[in-house]
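Notes follow once the structure below has been shown.
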Amino acid sequence: MLAAAVAKSTGRDMKDVEHVVRRAIEIVAEALKSAENVKLAKFGTFSVVSRAERPGRNPRTLVEHKIPARKVVQFVPGKPLEDKLVLSVFNPKNPTISA
């Protein structure tokens, strides 16, 4: 969907845009795997954070168990993206984000 939107808005060949988008995602994944933060200007920052072990419960059986510690990707939106999201939520007749 991202590649199609970029290809349509720029007039570029879909195959070339798909390659660039796929490679950009690979680069972000590689950086996160190396525990590096990835900041995309005016969009936001991706980082890896550690989640501690915690108690859990199976809602069906109510059996308690431990959820193991793990690392997860966290995304913090940048101010421009956050502003667009807030505007589109409060003004649905005039959304600032289009698919």
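The values are calculated or read from the model by the stated rules, or taken from the named source; none is laboratory data. Everything numeric here is computed off the predicted structure, so don't read it as measured data. So basically every Cβ, Gly included, is an ideal-geometry build from the backbone, and we count neighbours across all protein chains shown.
Would you confirm, using the coordinates I've provided, whether S50 is modelled with pLDDT under 90 and not hydrophobic (A, V, I, L, M, F, W, C)?
The answer is no for S50.
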For P55, work out the one condition from (1) surrounded by 13 or more Cβ atoms within 10 Å (Cβ to Cβ); (2) in a strand (DSSP E or B) it doesn't fulfil. (1)
Test of understanding: among S50, S34, which residue is in contact with a strand residue (DSSP E or B) (Cβ under 6 Å, 6 or more places away or on another chain) and either aliphatic (A, V, I, L, M) or loosely packed, with under 10 Cβ neighbours inside 10 Å (or both)? S50
Just to be sure I understand the filter: pairs with C-beta atoms under 8 Å, separated by 6 or more residues or on different chains, first member in segment 68-92 and over 19 Å from F46 (Cβ atoms), second member acidic (D, E) and at pLDDT 85 or above. Which pairs pass? P68/E53; A69/E53
Boolean, K39 is touching a Lys or Arg at 6+ places or on another chain (Cβ under 9 Å) and at negative phi: no
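Would you check which residues across segment 14-32 are among the charged types (D, E, K, R) and out of contact with any helix residue (DSSP H, G or I) (no Cβ under 7 Å at 6 or more places or on another chain) and list them? I'd like the intermediate steps shown before the answer.
Narrowing segment 14-32 to residues among the charged types (D, E, K, R): 15-16, 18, 22-23, 26, 30.
Within segment 14-32, K15, D16, R22, R23, E26, E30 meet the criteria.
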